[in-house]
Amino acid sequence: MEYRDLYDENRKPLGRTIAKNQPVPSGCYYIVVVVFIENSKGELLLQKRSEEKGGKWATTGGHPKTGETSEIGMQTELKEELGLEVELKELKYFKTIKSEDDFVDLYYLKKDVDIKDIKMQPSEVQAVKWYTKKEIKNLISSGKFFKYHIDYYKYFLSFIEENA
């Protein structure tokens with residue numbers, strides 16, 4: 001069973017945990033990590049979530065396990081879901097979004113990844129593909145993009161624009 005650390009509204013650790021898929025207690029928060037992987041052509045690597053996870057296209061992400069920092073959690077998710085080994089220095093943090101029960105940390109990774117080298121975790125991922133920003137816009141408008149990642153994608157676009 002996987003566990004996640006709980007935090008207060010100021011992201012101070014509470015010294016408590018919850019099991020994966022357990023509801024977050026009122027007044028508590030947990031951490032979510034999401035990464036935007038961009039290749040040298042300006043395309044983004046998306047993963048089609050497993051049917052159990054809704055079957056929509058999304059960026060890679062998840063929840064750090066108990067004791068993991070946000071950065072280590074992101075590194076773990078990339079390894080688990082895609083079989084990608086990345087060094088912490090490759091991950092560039094760019095924003096945290098606070099919602100009603102979580103802190104979502106957004107990361108950027110500039111990396112040319114060969115799709116053939118990806119080892120998908122079947123319980124999480126059923127396909128991976130490089131998408132242009134125009135193609136992602138079409139995925140969003142057709143309802144094929146994971147709804148929770150739409151706002152994260154907009155923050156990513158702003159980040160890229162600011163750092164161009």
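Overview of results
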quantity	calculated
Residues of region 25-47 classified as in contact with a strand residue (DSSP E or B) (Cβ under 6 Å, 6 or more places away or on another chain) and under 20 Å from Y7 (Cβ atoms), total	7
Subset of region 115-164 [open to solvent by 70 Å² or more (accessible area, probe 1.4 Å) and either hydroxyl-bearing (S, T, Y) or part of a loop (DSSP other than H, G, I, E, B) (or both)]	K119, M120, P122, S141, K144, K147, Y148, Y155, N163, A164
Entirely in region 1-110, the strands (runs of 3 or more DSSP E) that have 1 or more residues that are touching a helix residue (DSSP H, G or I) at 6+ places or on another chain (Cβ under 9 Å) and among the aromatic types (F, W, Y)	30-38, 92-98, 102-110
The lone exception for D114 - which of (1) over 17 Å from N39 (Cβ atoms); (2) free of Cβ contacts under 8 Å to residues at least 12 places away in the same chain; (3) not small (G, A, S) it fails	(1)
Qualifying residue in region 85-98 (condition: surrounded by 15 or more Cβ atoms within 10 Å (Cβ to Cβ), of a type in the set (F, W, Y) and under 14 Å from F36 (Cβ atoms))	yes
Unmet requirement for S50, which otherwise passes all of (1) in contact with a strand residue (DSSP E or B) (Cβ under 6 Å, 6 or more places away or on another chain); (2) closer than 27 Å to A164 by Cα; (3) touching a residue at least 40 places away in the same chain (Cβ under 8 Å)	(2)
Residue count, region 41-60 (criterion: open to solvent by less than 20 Å² (accessible area, probe 1.4 Å), modelled with pLDDT under 95 and touching an Asp or Glu at 6+ places or on another chain (Cβ under 9 Å))	1
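The values are calculated or read from the model by the stated rules, or taken from the named source; none is laboratory data. None of these values were measured; they are calculated from a predicted model. All Cβ positions, even for glycine, are placed from backbone atoms using ideal geometry, and neighbour counts span all protein chains on display. SASA here: full protein model, heavy atoms, side chains in, ligands and nucleic acids out. Shrake-Rupley method; radii C 1.70, N 1.55, O 1.52, S 1.80 Å.
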